[in-house]
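Data first, discussion second: the structure below is written as structure tokens.
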Amino acid sequence: MAISMIKERIGENKFHFDRTYYNQPQIYDFITLYQIGDLYCQGGYSIGEHRQYCYEISYIVSGKGYYSSNENKYPVKAGDIYLNIPDELHNGLADPVDPFRYFYVGFTFNTDNCDQNPFTHIKKMFDRVKCPVAQDRLDVKNPFLNIFHELINLKEYSSLMIKICLHQLILLTYRNFFEEWEKEYIPQKDASNSRNIIYQVVNYIDNNLLNMKELTQIACELGYSYSYLSHTFSRETGLSIQEYYNQKRFEKAGELLKNNDLSITEIAEMLQYQSINSFSKAFRKNIGISPSEYQVLYSKGNSEL
């Protein structure tokens, strides 16, 4: 672990815990960490306009204020997540009466071996986010706090715990924004044909997740060619039908593993995997740990995995 600065400022901030690794970035498999911290501002504090070097996730712990990206101003309050992407201009202003406290993490995606990188799609979707604010529904605060705890109390396996929590933090942020994307495709009276097609595909997968043996079933059921559905879905959403289907399977796998009522072999069969080995390999590739490790971590109280 690189030696870094811990800053506690009096006056302009109530306190500031900051670990910066720009001179010696910390690599955690598919993610490179540059900075992480906790800033509790005085009223009216300005972050100062700067150009983003990397991706940054901010979680508003308390208070309120404004963030801006490329001069577009967004109000933020306790429980909000804010996403910055590289090369955009960023600033923030704390409310003069109820100033915000926020956690932040700066990172980049390691894009080598894109075909084997489960974060490739997440990076693509982060780059497509139009509104950088989302309300947290999945307790993003928890992995932040766990990382802070490990940084302050370094011990055996701290690096592994930081990696798991960092991956979890990014995945939870993605899910917060991604679930909002799904809601955009609830059919409206004036919705375009493409948007209705997207909703039909999403709805079919959600309702037939455990019964589907081939994705071509969707095309047969909806009366379109699979190539047309695949092209439309990818054009409108930025991800393939296969990617959406896999995302839903891993979400379901997580639920079943948490319940602990079925064996891993039974879960693999239920999710249409040909073997426990193929299921375990796919799960580790996308979640970062094996199904059995996931069960152990969840049993120890990590309820937001």
(message) Among the residues that make up the range 124-135, is at least one of them within 20 Å of F30 (Cα to Cα), at pLDDT 90 or above and part of a loop (DSSP other than H, G, I, E, B)?
(response) no
- Flag if I81 is buried (at least 18 other Cβ atoms within 10 Å of the Cβ) and either touching a Gly at 6+ places or on another chain (Cβ under 8 Å) or in a strand (DSSP E or B) (or both): yes
Picked from the range 262-292 (must be in a helix (DSSP H, G or I) and β-branched (V, I, T)), the residue farthest from L210 (Cα to Cα) is I287
Considering residues that are farther than 26 Å from K124 by Cβ and touching an Asp or Glu at 6+ places or on another chain (Cβ under 7 Å), the number found within the range 45-78 is 4
Across (1) farther than 19 Å from S69 by Cα; (2) outside any helix (DSSP H, G or I), S159 clears everything bar (2)
Those residues of the range 18-59 which are in contact with a strand residue (DSSP E or B) (Cβ under 8 Å, 6 or more places away or on another chain), more than 23 Å from C131 (Cα to Cα) and either part of a loop (DSSP other than H, G, I, E, B) or not assigned by TED's automatic domain parsing to the domain that holds G106 (or both) amount to Y21, Y22, P25, F30, Q42, G43, G44, Y45
Residues of the range 136-156 being over 22 Å from Y82 (Cα atoms) and either part of a loop (DSSP other than H, G, I, E, B) or touching a helix residue (DSSP H, G or I) at 6+ places or on another chain (Cβ under 6 Å) (or both), in sequence order, are E150, N153, L154, K155, E156
The one condition N260 fails out of (1) under 22 Å from the mean Cα position of the chain (by Cα); (2) surrounded by fewer than 16 Cβ atoms within 10 Å (Cβ to Cβ) is (1)
Note: among N70, N91, just one is without any contact (Cβ under 8 Å) to a residue 40 or more places away in the chain, in the same structural domain as Q42 (by TED's automatic domain parsing), more than 17 Å from L33 (Cα to Cα) and surrounded by fewer than 18 Cβ atoms within 10 Å (Cβ to Cβ), namely N70
| said: Just checking, does the range 149-163 include any residue being surrounded by 15 or more Cβ atoms within 10 Å (Cβ to Cβ), without any contact (Cβ under 8 Å) to a residue 12 or more places away in the chain, over 19 Å from S58 (Cβ atoms) and in contact with a Ser or Thr (Cβ under 8 Å, 6 or more places away or on another chain)? | reply: no
Is the range 225-233 home to any residue that is without any contact (Cβ under 8 Å) to a residue 24 or more places away in the chain, in contact with a Cys (Cβ under 9 Å, 6 or more places away or on another chain), more than 26 Å from V129 (Cβ to Cβ) and assigned to a helix (DSSP H, G or I)?
yes
Report task. Tell me, please, whether a residue that is assigned by TED's automatic domain parsing to the domain that holds R19 and over 19 Å from the mean Cα position of the chain (by Cα) can be found in the range 116-127. Result -> no
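The values are calculated or read from the model by the stated rules, or taken from the named source; none is laboratory data. Being a predicted model, the structure only gives us computed values, none of them experimental. Here Cβ is always computed from backbone atoms with ideal geometry, including for glycine, and neighbour counts include all displayed protein chains.
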